[in-house]
Amino acid sequence: MLKNMTVKTHMIADVLIVEDELIAANALSDVLSDLGYKVLGIFDNSSEAIASIHQRLPDIILMDIKLRGADSGIAAANEIHKIAPIPIIYLTAFSDPKTLEQAIATSPYGYLTKPLRYAEVNVAIMLALKKHHEEKLLQEALDKQKELHILKSRLLAMASHEFATPMSVIRLLTWKLQNFEEQITKESRAKNLASIQLAIKDINWLLEEVKFIANSESGKFPFTPTSIDVITYCQQLIESFQTEDAVHKCQIQFHTKVKNQELKIDKKLLWHIFMNLVSNAIKYSHDGGCVDVEITCDSQQLVLIISDHGIGIPKEYLNNLFLPFLRAENVGNVKGLGMGLYIVQQAVEAHRGKIAVESEVDMGTKFTVLLPSADSL
């Protein structure tokens, strides 16, 4: 039986045989097993075959067009494709134009006539599996492009909305400074200019986040680790939060037992991680609250822990916390794109790091980020 056959397949695939001739089906099953395939079962009617698919999906189905019962193999194929896009190869003694036309309408991955030549069956299975894998990759790419298009459309809409507020502040205060120059006191002028600077800072922040997402989702996002003193750098980032309004809103306490530590980290990504987590901790803290930033590190990795005692995150949001545009129902009127934690996760994954979150409503939230040094991977 195995004479003149091809060598064993290198792929492990689950095969379902639907064939009304039991002797032929068992012979085919033996051959496929010898070639390295796993035969999940043999059925001679469509109802039992479909029932088995509900239990376990095969990688490929070898389907006889003529089956026991009222349904043909073609009808069975139509029903199977409603369950899952499983590749099907027809095995049949019928090669008339009408049968062939009906079979082609179900988009089979092969059509072999009996008596079967087992070497051809093996080649047909391998080609079908390869074609199905390529089609699956193509569909995933198309789905990703569709998802990216939706993501960018939503991002553009939300960014446009978020840009409106700081732009309105800049226009109003600039108009005020230009038209009421003589009436404005020195102290009021300084306060207005500080508000303009803060609005510009908000715009720059939004631009950085939009640019980050556009680059990372298009596959152009670079991971460029360089040696930096992570302790000094994080201290500098904390200082950028020490404006008069921020200090009034929330105190930031920095904790570390390490004075200096050089690690090979992507500085720009660390900026996104640190700034988003600390910014969120401040935004969702109560007025007069405190945010704790703790850093522990050695020559192999950086561990960043950011804790607040604010509104917390409801449990039902924790599992999907890093999805884009997700904002918990308890954030109220706090502004944001809903992209910060998504960006943080992307940046952590680029480092092959880890991130964990613990939170309780009205008690606070703690994020723990582990970033390995690039030279330790």
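Bear in mind that the values in this text are calculations on the coordinates, not laboratory data. Fair warning: this is a prediction, and the values are worked out from it, not measured in the lab. Note that each Cβ is placed from the backbone with ideal geometry, even for glycine, and that neighbours are counted across all protein chains shown.
Quick look at the numbers
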quantity: Positions within region 352-377 being closer than 18 Å to PHE274 by Cβ and in contact with an Asp or Glu (Cβ under 7 Å, 6 or more places away or on another chain), in sequence order; calculated: THR365, LYS366
quantity: Test for LYS267: is it crowded, with 17+ Cβ neighbours inside 10 Å, closer than 19 Å to ILE343 by Cα, among the basic types (Lys, Arg) and out of contact with any Phe, Trp or Tyr (no Cβ under 6 Å at 6 or more places or on another chain); calculated: no
